[in-house]
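Report on one structure; see the data block that follows.
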Amino acid sequence: MSLIVQKYGGTSVGTVERIEAVAAKVAAARARGDQVVVVVSAMSGETNRLIALAHEITPTPSPREMDVLVSTGEQVTIALLSIALQKIGCPARSYTGGQVRILTDNVHSKARIQEIDGGRVRADLEAGRVVVVAGFQGTDEDGNITTLGRGGSDTTAVAMAAALEADECQIFTDVDGVYTTDPRVEPKARKLDRITFEEMLEMASLGSKVLQIRSVEFAGKYNVPLRVLSSFEEGEGTLITFEDEDMEKAKVSGIAFSRDEAKLTILGVPDQPGVAYSILGPVSGANIEVDMIIQNIAEDATTDFTFTVHRNDYPQALKILQETAEVLGAREVIGDDSIVKISIVGVGMRSHAGIAATMFEALAEEGINIRMISTSEIKISVVVDEKYLELGVRALHDAFELDRPPEQAA
Ligand code: ADP
Ligand code: ASP
Ligand code: MG
């Protein structure tokens, strides 16, 4: 007998009919003799609807109450799914994160799971029940409801699988696996049978929202076999795995992008020790995460300094930078929040040269101006104007022949 954790995302449980279809899939797995834990998201659109309700009252609702609010989305789904399972004769019991005892830290809206008590869930499984767990949530040590960040139900599923030592964690969604890039942007994107944890981690952190980044981290750390599949059709999906001999030998495995970017530049800062710290210190002091950073060579004893932040943090970062500019006697602060980041990812980059040149050539041929570049061992990212996102992704997909399996590619 295997123990399987299945996670169904928002669109997979978007209507009562879809919830009944999920119930049928879950019951079929149990009928095959597996023990099944199901983790569900809120019905699609529900989390956004709840957030918008609060914002009708105030733009700055308290983080604690926001977590109380948004965690209700998942609570609705666990109850409806359990009711649907019971209706077709499959014993089931629902649990909120707090009821399972998913203990998190107390950082509201982006809490991290610290510990899971698998006792109750195990007892139900032993008694032959399907256990339905609300994704995206837990409680801190004082019993406050916390949530795990957008897309957090993936992380709940992987963490449950790790805690229960499940045989596999299956992420059911509205696409049939992980693709070379988001198939909504590039229809020629190709489904991958396998992808390494390392690459998936980069793809997730560079903007591919198919899996929440923490779920991939968790799965890698605790060695949880992780698979992404469609809840709408049958198939093997994509297995996230450690690198092995017979994996595709591609130079580039996938393209990720993020629309949530903004960049800020401070011009004419005196070029002296401590400048970077004086500029970025106040930004990080305000809990704003900085991504790419560029400092120009000083020609006249002053320098220019550019960095990117999440678009939501742009107004606040701009304000902070303007204050810093006055203190430092800088010439000017400029910013742009209509930029995006496109990244190519692949473990094959370690052993192949010339990949950056191919990337820049493909963008140049489309007349796309690169505003910033950053590289690491298995990825290259560029910042470009928002209007070039689709064009850029498709041009790169073509340039690296990602629509064809690597054996066939030239
Ligand atoms: P769920 O609600 O099931 O959690 P998400 O919307 O969070 O689903 O994630 C699935 C979506 O991720 C897909 O519909 C697809 O548009 C997007 N996506 C982005 N990058 C990729 C990729 N490389 N492969 C597959 N899907 C991707
Ligand atoms: N419902 C949450 C969200 O929309 C969590 C999830 O779906 O994974 O972000
Ligand atoms: Mg998701």
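The values are calculated or read from the model by the stated rules, or taken from the named source; none is laboratory data. Please read all numbers here as calculations on a predicted model, not as lab measurements. Note: ideal-geometry Cβ built from the backbone for every residue, glycine included; neighbour counts use all protein chains shown.
If you take the residues in region 114-170 that are in contact with an Asp or Glu (Cβ under 6 Å, 6 or more places away or on another chain) and among the aliphatic types (A, V, I, L, M), which one is nearest to ligand 3 (Cβ to nearest atom)?
134
Condition first: farther than 25 Å from residue 211 by Cα and modelled with pLDDT under 95. Can you find one or more residues in region 1-13 that meet it?
Yes, region 1-13 contains at least one residue that is farther than 25 Å from residue 211 by Cα and modelled with pLDDT under 95.
Provide a single number: the residues in region 115-138 that are more than 16 Å from ligand 1 (Cβ to nearest atom), within 27 Å of residue 205 (Cβ to Cβ) and either under 19 Å from the mean Cα position of the chain (by Cα) or in contact (Cβ under 8 Å) with a residue 24 or more places away in the chain (or both).
Total meeting the criteria: 2.
Might you check whether a residue that is in a loop (DSSP other than H, G, I, E, B) and within 15 Å of ligand 2 (Cβ to nearest atom) occurs anywhere in region 175-187?
Scanning region 175-187, I find at least one residue that is in a loop (DSSP other than H, G, I, E, B) and within 15 Å of ligand 2 (Cβ to nearest atom), so the answer is yes.
Residue 339: within 30 Å of residue 320 (Cα to Cα) and either in a strand (DSSP E or B) or of a type outside the set (A, V, I, L, M, F, W, C) (or both), yes or no?
yes
Filter region 218-261 down to the residues that are at pLDDT 95 or above and among the acidic types (Asp, Glu), then identify the one that is farthest from residue 347 (Cα to Cα).
The extreme case among them is 261.
Run down 363, 328, 396, 402 and say which single residue is under 21 Å from residue 270 (Cβ atoms) and either crowded, with 19+ Cβ neighbours inside 10 Å or at pLDDT below 95 (or both).
The conditions single out 328.
If a residue has to be away from ligand 1 (no atom under 16 Å from the Cβ) and closer than 24 Å to residue 51 by Cβ to count, how many in region 143-165 make the cut?
4
Among the residues of region 374-393 satisfying the criterion of being surrounded by 15 or more Cβ atoms within 10 Å (Cβ to Cβ) and of a type in the set (Gly, Ala, Ser), which is farthest from residue 347 (Cα to Cα)?
392
Kindly check whether there is at least one residue in region 149-166 that is within 28 Å of residue 256 (Cβ to Cβ) and more than 16 Å from ligand 2 (Cβ to nearest atom).
Yes, because at least one residue in region 149-166 is within 28 Å of residue 256 (Cβ to Cβ) and more than 16 Å from ligand 2 (Cβ to nearest atom).
Go through the residues of region 76-83 one by one and say whether even a single one is surrounded by fewer than 17 Cβ atoms within 10 Å (Cβ to Cβ) and within 16 Å of ligand 3 (Cβ to nearest atom).
So far as region 76-83 goes, no, none of its residues is surrounded by fewer than 17 Cβ atoms within 10 Å (Cβ to Cβ) and within 16 Å of ligand 3 (Cβ to nearest atom).
Under the condition of being assigned to a loop (DSSP other than H, G, I, E, B), among the basic types (Lys, Arg) and at pLDDT 95 or above, which residue from region 90-116 is farthest from residue 130 (Cα to Cα)? Steps first, answer last, please.
Step one: list which residues in region 90-116 are assigned to a loop (DSSP other than H, G, I, E, B), which gives 90-91, 96, 101, 105-112.
Filter once more, so that each one left must be among the basic types (Lys, Arg): 101, 110, 112.
If we keep only those that are at pLDDT 95 or above as well, we get 101, 112.
Details: 101: 17, 112: 26 Å.
By that ranking, first place goes to 112.
Give, as residue ranges, the strands (runs of 3 or more DSSP E) completely inside region 189-295 that count at least 2 residues that are within 25 Å of residue 394 (Cβ to Cβ) and basic (Lys, Arg).
By residue number, 254-270.
Looking only at region 171-186, which residues are closer than 18 Å to residue 345 by Cβ, crowded, with 23+ Cβ neighbours inside 10 Å, within 15 Å of ligand 3 (Cβ to nearest atom) and not aromatic (Phe, Trp, Tyr)?
Listed by number, the residues that qualify are 177, 178.
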